[in-house]
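Bear in mind that the values in this text are calculations on the coordinates, not laboratory data. These numbers were taken from a predicted model, which means no experiment stands behind them. Positions of Cβ are generated from backbone atoms using ideal geometry, with glycine treated the same way; all protein chains shown enter the neighbour counts.
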Amino acid sequence: MPRILDVGCGPTKYPGSIGLDMNPSTAADVLCNLDRGGLPFRDNTFDEIRGEHIIEHVADIIATMEEFHRVTKPGGTIWLVTPHYTDFSSFRDPTHRWHLNTYSFLYFYPGGMHGRDMWYTKVRMREAKLNVKLLKLWRAFGFEFLVNHSRMFRQFWEHYLSFIIRGKLMEFTFEVIK
Amino acid sequence: MPRILDIGCGRKKYPGSIGIDMSAAGQADVLCDWEKTLPFAESSFDQVRLIHIIEEVDNIFRVLAEVHRVAKPGARVTIITPHYTDHASYCSPAHRWHLSSFSLWFFSDDPQEYDYYAPANFRERRVHVELLRLWRAFGFQFLINRARWIRRFWEYYLSFVIRGKTVEWELEVVK
């Protein structure tokens with residue numbers, strides 16, 4: 001059975017996972033504040049880490065991703081859902097520290113920045129999958145399909161259109177490289 | 001006479017209030033690092049003002065919990081902050097948070113689920129959005145402030161074009 005860690009699991013933990021949260025009135029199995037030291041697990045413990053609406057809250061994204069990478073097995077996955085910075089939800093929660101876009105995790109990819117590795121972290125992961133959700137109206141017009149099926153269009157959308165044709169959520173699946 | 005507290009009063013302290021600030025350069029009556037604790041007794045103010053200050057604090061919930069403590073039951077709390085679509089939200093590198101007109105909904109809409117993060121209890125008496133002058137002239141400001149659903153639609157679809165300026169809340173302290 002795959003070992004799954006649900007980080008910031010809240011009241012509805014992912015079935016079959018180990019839930020981690022800082023709030024004791026959630027479904028958490030382990031209580032831990034990500035901003036105060038690392039994860040209380042050994043290296044290479046999990047096949048999958050799930051973080052739904054969590055990365056926009058942490059004090060240090062790079063340190064947190066390094067911890068996720070450490071406790072994930074080689075070839076394991078880190079799955080994150082977070083608001084796109086053009087969505088209203090990014091600005092509704094007064095504990096959101098970061099406003100992110102589809103390129104916000106380039107630092108971790110091999111050859112991430114125009115074919116060159118970035119030096120902010122030594123940890124590497126591959127973007128196995130990215131799914132962008134747009135507001136309903138724009139989905140109906142087919143923009144969501146375009147953003148998800150053409151890299152070029154996604155870049156054009158981020159650069160030119162995203163303040164009008166606003167995003168909603170981003171769902172990243174990273175494959176851990178060790 | 002009502003007792004008024006002006007937090008982060010700077011150079012323009014609210015008339016008749018007690019001003020508190022970290023900097024001695026302004027008109028503050030009390031100088032201290034007020035972000036962790038306010039140096040006042042429980043239930044001692046009828047009105048608390050936080051004007052262009054919550055976008056700079058380390059933890060908005062902790063500050064509002066302290067405001068709740070020093071305010072009398074039924075006291076009014078006035079908060080003004082830049083809307084996240086206004087350039088002013090990004091002008092100062094001291095601005096930690098970029099907020100919308102629904103950023104304080106934790107206190108009123110969904111008290112149960114978010115009690116852990118926002119234990120203090122406030123009632124949202126009034127939310128008012130100011131827009132840029134051009135949009136105000138076209139009547140958008142009037143429309144947005146008229147109904148909650150219009151404001152919501154504006155936040156989701158229009159606010160990066162018809163840009164906001166400031167958001168003003170009036171909260172009532174519930175004890």
(request) Please go through the residue pairs B:13/B:165; A:133/A:178; B:36/B:165; B:13/B:72; A:73/A:133; B:12/B:36 and name each one whose alpha carbons sit more than 25 Å apart in this structure. (result) A:133/A:178; B:36/B:165; A:73/A:133
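How high is the relative contact order of the range A:114-168? Use alpha-carbon pairs under 8 Å, at least six apart in sequence, and give a whole percent. Walk me through the intermediate numbers first.
Values: 31 pairs, mean separation 20.0, N = 55.
36 percent.
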(request) Quick one: Debye curve from the alpha-carbon atoms of chain A only, equal weights, vacuum; give me log10 I(q)/I(0) at q = 0.11, 0.13, 0.16 Å⁻¹ to two decimals. (result) -0.49, -0.68, -1.02
(request) For the range B:10-55, just say rounded, prolate or oblate: build the C-alpha gyration tensor, square-root its eigenvalues into a ≥ b ≥ c, call rounded for a/c under 1.5, and beyond that prolate if a/b exceeds b/c, oblate if not. (result) rounded
(request) Consider just the alpha-carbon atoms of the protein assembly as shown and return their Rg together with their Dmax, both in angstrom. (result) 22.2, 69
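By count of other Cβ within 10 Å, fewest leading, how are B:104, B:38 ordered? Intermediate values should be presented prior to the final figure.
Values: B:104 25, B:38 21.
In order of increasing Cβ crowding within 10 Å: B:38, B:104.
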(request) Quick one: divide the alpha-carbon radius of gyration of the range A:35-89 by 2.2 N^0.38 Å and tell me what you get. (result) 1.21
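Per residue of A:160-169, how many C-beta atoms from partner chains lie within 10 Å of its own C-beta, taken as a mean?
Counting Cβ atoms of other protein chains within 10 Å of each residue's Cβ and averaging gives 2.
Relative to the compact-globule scaling 2.2 N^0.38 Å, provide the ratio for the alpha-carbon radius of gyration of chain B. Numbers along the way, then the final one.
Working: Rg = 16.3 Å, N = 175, 2.2 N^0.38 = 15.7 Å.
For chain B, the normalised Cα radius of gyration is 1.04.
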(message) Please compute the average number of Cβ atoms from other chains found within 10 Å of each residue's Cβ in peptide A:93-100.
(response) 6
(request) Please report the relative contact order for chain A, taking Cα pairs under 8 Å with a sequence separation of at least 6, and give it as a percent rounded to a whole number. (result) 20 percent
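How large is Rg over Rh for the range A:93-152, taking Rg from the Cα atoms and Rh as the Kirkwood inverse mean of 1/r across Cα pairs?
Using only Cα positions, Rg/Rh for the range A:93-152 is 1.06.
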(request) Find the centroid of the Cα atoms in the range A:81-105 and in the range A:26-72, then give the distance between the two in whole Å. (result) 18 Å
(request) Take the Cα of residue B:1, step 7 Å along the line toward its Cβ, and report every residue of the range B:31-64 whose backbone nitrogen sits under 16 Å from that point. (result) B:45-47
(request) Could you please rank B:21, A:35, placing first whichever residue has the fewest other Cβ atoms within 10 Å of its Cβ? (result) A:35, B:21
(request) Could you pull out every one of the aspartates and glutamates with an alpha carbon less than 17 Å from that of residue A:13, ignoring same-chain neighbours closer than 8 positions? (result) A:21, A:29, A:47, A:48, A:52, B:113
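First measure r as the distance between the Cβ atoms of residue A:151 and residue B:37, then evaluate 1/(1 + (r/R0)^6) with R0 = 51 Å and state the FRET efficiency to the nearest 0.05.
Details: r = 51 Å, r/R0 = 1.01.
Approximately 0.50, to the nearest 0.05.
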(message) What is the angle, in °, between the Cα long axis of helix B:60-70 and the longest principal axis of the Cα atoms in chain B? Nearest 10 is fine, range 0 to 90.
(response) 50 degrees
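Fewest first, what order do B:91, A:32 take by the number of other Cβ atoms within 10 Å?
Numbers: B:91 10, A:32 17.
So the ranking, lowest neighbour count to highest, is B:91, A:32.
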(request) Treating cross-link reach as a plain straight distance, find the lysines whose alpha-carbon is under 16 Å from the alpha-carbon of residue A:136, omitting any fewer than eight places away in the same chain. (result) A:168
(request) Please quote Rg/Rh for the range B:1-100 to two decimal places, taking the Kirkwood radius as Rh and restricting both calculations to Cα atoms. (result) 0.96
